[in-house]
1. Please work out which residue is farthest from the chain's Cα centre (by Cα), limiting yourself to region 204-218 and to residues that are in a strand (DSSP E or B), more than 11 Å from ALA255 (Cβ to Cβ) and not small (Gly, Ala, Ser).
2. Which of the residues that make up region 183-203 are of a type in the set (A, V, I, L, M, F, W, C) and either touching a His at 6+ places or on another chain (Cβ under 9 Å) or part of a loop (DSSP other than H, G, I, E, B) (or both)?
3. Before we move on, is THR117 free of Cβ contacts under 8 Å to residues at least 40 places away in the same chain, β-branched (Val, Ile, Thr) and either touching a helix residue (DSSP H, G or I) at 6+ places or on another chain (Cβ under 9 Å) or surrounded by fewer than 16 Cβ atoms within 10 Å (Cβ to Cβ) (or both)?
4. What do you reckon, is GLU275 over 25 Å from LEU64 (Cβ atoms), free of Cβ contacts under 8 Å to residues at least 24 places away in the same chain and among the acidic types (Asp, Glu)?
5. Limited to region 66-78, what total is found for residues that are farther than 22 Å from TRP338 by Cβ and either in contact with a Leu (Cβ under 9 Å, 6 or more places away or on another chain) or at pLDDT below 95 (or both)?
6. Hey, can you tell me all the residues within region 50-85 that are under 23 Å from CYS333 (Cβ atoms) and surrounded by fewer than 22 Cβ atoms within 10 Å (Cβ to Cβ)?
7. Residues to consider are VAL249, VAL237, VAL221; find the one that is buried (at least 16 other Cβ atoms within 10 Å of the Cβ) and within 18 Å of GLU283 (Cα to Cα).
Amino acid sequence: MSHRVPAQSKHEGHEGEGWMMSPFEKQNEMNPILEPLTTTEFLCPIRGHNVAWEAKDIFNPTALVRDGKVYLLYRAEDEDGEFMGTSRIGLATSDDGINFIRETKPVFYPDNDAVKTYEWEGGCEDPRIVENDEGEYIMTYTGYNGSLAILMVATTRDLRTWTKFGPVFRNTQDFSELWSKSGSIVTRLRDGKFIAEKINNKYWMYWGDTDLYLATSDDLVDWTPITDAEGNLEKIVEPREGKFDSELVEPGPQAFIRNDGIFLIYNSKNKKPDEGGDSTLPEGTYAAGQLLFDEKNPQKLLERSEDYFMKPEEDYEIVGQVGNVVFLEGLVCYKGTWYIYYGTADSKIAVATRRDEHCSSSCWRASSKITLSLIVLFWIKRIFV
């Protein structure tokens with residue numbers, strides 16, 4: 001039995017009713033679609049012995065379509081790491097978007113390499129993946145060493161053999177050691193694939209986990225944050241008092257260009273209701289909203305959802321390592337359906353869907369009003385011309 005998540009159609013900014021991508025249906029008959037396993041072991045190159053690498057929690061997956069299948073790259077925690085478990089990234093595939101077959105070993109993990117100082121022993125967390133024009137995959141992820149979370153980047157062609165480049169801001173003077181997370185690169189949807197797209201001769205990435213920021217790049221590997229006249233990080237989106245996103249905002253899956261702008265799903269956290277939070281949600285609740293930016297100026301916010309479009313409701317979203325969390329991080333268009341993959345209570349993985357036969361089109365827009373307007377115009381011309 002699926003559960004429909006109601007649309008929250010209020011918005012800020014210019015007129016644009018129908019810009020949001022909603023509603024989605026949580027597939028509760030199948031959810032959670034992936035849970036921890038104690039039977040899969042991996043020889044950790046740093047510890048030097050086998051660990052049950054996904055025994056404690058699995059959550060926060062990114063997703064892509066490749067060779068006619070959905071691939072999930074998901075965060076998995078063992079029970080050995082000092083900081084609530086060491087995180088590694090696992091891989092699972094599906095030919096229906098719901099039922100997944102997992103590989104028994106992680107495909108990305110901390111190693112005795114040049115970036116160990118950033119990844120050990122907290123691990124490699126919260127991946128987000130896009131493709132470039134040459135068929136190479138670029139993955140942003142968080143490296144956590146126990147004291148600093150830092151946004152990192154790696155590339156691959158087969159999702160199993162990776163090149164790690166280290167922190168995304170490593171070549172900047174002021175931000176190379178900056179606490180940073182959640183890199184959502186701007187893409188365009190082409191034949192079901194999210195391909196990184198340049199705007200004004202630059203690639204763009206939304207990032208951050210209290211406020212939302214921007215960065216640009218020439219090559220998708222080396223990034224430079226957008227700053228103001230004083231050299232401070234420029235805040236693109238901030239938390240709002242009294243709202244579901246009162247404590248923090250954080251990018252969700254990859255951003256992508258539609259014919260009405262750059263669309264981005266974001267995650268958020270609620271404050272205490274009596275300290276400026278949303279009174280309808282418990283303190284600390286992670287819920288999801290939506291944003292729309294100007295395609296020609298990615299810093300310009302056009303629309304922002306007034307309310308969440310997805311929140312924790314089911315037991316598997318409320319009870320876990322961190323209660324009351326839905327954390328949306330994977331989005332694909334597959335066989336005429338949108339699939340959102342998300343972490344639940346930092347413990348398991350679930351999916352919600354939205355049927356849309358035209359979702360693979362590069363000019364896709366949430367609203368069907370354009371199509372309706374064209375139909376009306378057609379009949380007006382037939383009658384009066």
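The values are calculated or read from the model by the stated rules, or taken from the named source; none is laboratory data. The structure presented is a predicted model; accordingly, all values stated were derived computationally and were not measured. Every residue, glycine as well, gets a Cβ built from its backbone with ideal geometry; the counts of neighbours run over all protein chains shown.
1. THR216
2. Hits for region 183-203: nothing passes.
3. yes
4. yes
5. 1
6. If the condition is that a residue be under 23 Å from CYS333 (Cβ atoms) and surrounded by fewer than 22 Cβ atoms within 10 Å (Cβ to Cβ), then VAL65, ARG66, ASP67, GLY68, LYS69, TYR71 are the ones that fit.
7. Every option except VAL249 fails the conditions.
One line per residue, one yes/no per condition, for (1) farther than 23 Å from ILE195 by Cβ; (2) not small (Gly, Ala, Ser):
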residue	(1), (2)
GLY68	no, no
GLY85	yes, no
ASP113	yes, yes
LEU148	yes, yes
